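> For reference, the structure I am asking about is given below.
The values are calculated or read from the model by the stated rules, or taken from the named source; none is laboratory data. This structure is a prediction, so every number in the text was calculated from the model and none was measured. Cβ placement follows ideal geometry from the backbone for every residue including glycine, while neighbour counts extend to all protein chains displayed. SASA here: full protein model, heavy atoms, side chains in, ligands and nucleic acids out. Shrake-Rupley method; radii C 1.70, N 1.55, O 1.52, S 1.80 Å.
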Amino acid sequence: MIGKASRPVLSGGEVLGWESPDLLGTLESHRWFFISDLAGLAKGLTVDVSWAVIVAVALVPATWWFLWKTPLGLRMRSVGEHPVAAESLGVNVYRMKYLGVMLSGGMAGLGGAILVTEFARIYREGQTGGRGFIGLASMIMGNWRPGGAAAAGGLFGFTFALELRDEPAVHALLLMIALTGVAFGVWMGYRRRWAPAVWLVGTGIAALAVFLATDSIPREFVFIAPYVTTLVVMSLASQHLRMPEADGRPYRRGQQL
């Protein structure tokens, strides 16, 4: 259990020796229509959240601001799109590439450190369990954008969290998958994107059939859910993604177009 010192202020925690009031808990206890419900939902999302998670969430807008609003970030993006043009404007392409590798490696190391220190509390060989691949898939699914990568990471994190839920709760999610699949399929059909529309509606109908025919889901399917989700999402989103133009292309200083 995470102690009070790691809780956000609004959920009743301790910050630099000062214990804050539990404002959300107080609103929830009044049982006011809608307001108490929102307070309870907000408290559920914020209580017992470590500072490492808060920093990770804050890095999403910070990364967007760095890449789109600062001269250094714009130089790094220009190198990823067209290094020859960036070099013609005086940008040191090699320096930007090395800086990008160091920053991305540092963030990957931060993710590994959080996994060891905040969740497992111990280091074990092979502890990531394929999460590095899912992190790469999140970046691609997010179209190389911080917000998109965060949304994709949230989707994959949700599938990992299914392992912590009991069997009736996981089984009930089949109904949500069915409704969501049919709804998005109809929306895709409205936009005349027939291939994903048929796939989503078919998935929704299949999930509904499994929900009605079974009472529980084998735990093995829960364990493979993150990886199946990765493959399915990547297969659906691959036609609508745009990677940086120079991604994966070799570069030599002074080369011509």
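> Between segment 117-171 and segment 29-49, how far is it from one alpha carbon centroid to the other, in angstrom?
25 Å
> Which residues in segment 150-184 place their backbone N less than 12 Å from a point set 7 Å from the Cα of Ser235 along the Cα-to-Cβ direction?
none
> Follow-up. I'd like the Karplus ³J(HN,Hα) series for segment 30-36: coefficients 6.51, -1.76, 1.60, θ = phi - 60°, whole numbers in Hz, and an x wherever there's a Gly or Pro.
The phi angles translate into 6, 6, 7, 4, 6, 5, 5 Hz.
> Treating only the Cβ atoms of Lys and Arg (+1) and Asp and Glu (-1) as charged, compute the dipole magnitude of the chain about its Cα centre; round to the nearest 20 debye.
Value, rounded to 20: 1140 debye.
> What ranking do 200-208, 102-110 get when scored by the average of other Cβ atoms within 10 Å per residue, highest first?
Working: 200-208: 17.4, 102-110: 11.7.
Averaged packing, sorted descending, gives the order 200-208, 102-110.
> Over the chain, with every protein chain in place, what whole percent of the accessible area is carbon and sulfur at 1.4 Å, could you tell me?
Numbers: 11640 of 16960 Å².
Answer for the chain is 69 percent, counting heavy atoms of protein chains only.
> For the chain, what mean projected area does the convex hull of the alpha carbons give, in nm²?
The number I arrive at for the chain is 19.4 nm².
> If N is the number of residues in segment 120-171, what value comes out of its Cα radius of gyration divided by 2.2 N^0.38 Å?
Normalised Rg, Cα atoms only: 1.35.
> On to the next question. Given the rule -39500 (n - 2.57) for each run of at least 4 DSSP H residues, summed and divided by the residues of the chain, what is its mean residue ellipticity at 222 nm, to the nearest 500 deg cm²/dmol?
-21500 deg cm²/dmol
> With unit charges on the beta carbons (Lys and Arg positive, Asp and Glu negative) and the dipole taken about the Cα centre of the chain, which residue among Gly147, Pro71, Val93 sits farthest to the positive side?
Val93
> Considering only DSSP states other than H, G, I, E and B, which chymotrypsin sites (Phe, Trp or Tyr not before Pro) in segment 190-251 qualify as loop sites with at most 15 other Cβ atoms within 10 Å?
Passing both the DSSP loop test and the Cβ count: Tyr251.
> For the chain, with every protein chain kept in place, what is the accessible area per residue (1.4 Å probe, Å²)?
66 Å²
> Show me the chymotrypsin sites (Phe, Trp or Tyr not before Pro) within segment 24-70 that DSSP assigns to loop and that have at most 11 other Cβ atoms within 10 Å of their Cβ. Don't skip to the end; give the middle numbers.
Values: sites: Trp32, Phe33, Phe34, Trp51, Trp64, Trp65, Phe66, Trp68; in loops: Trp32, Phe33, Phe34.
Qualifying residues, ordered by number: Phe33, Phe34.
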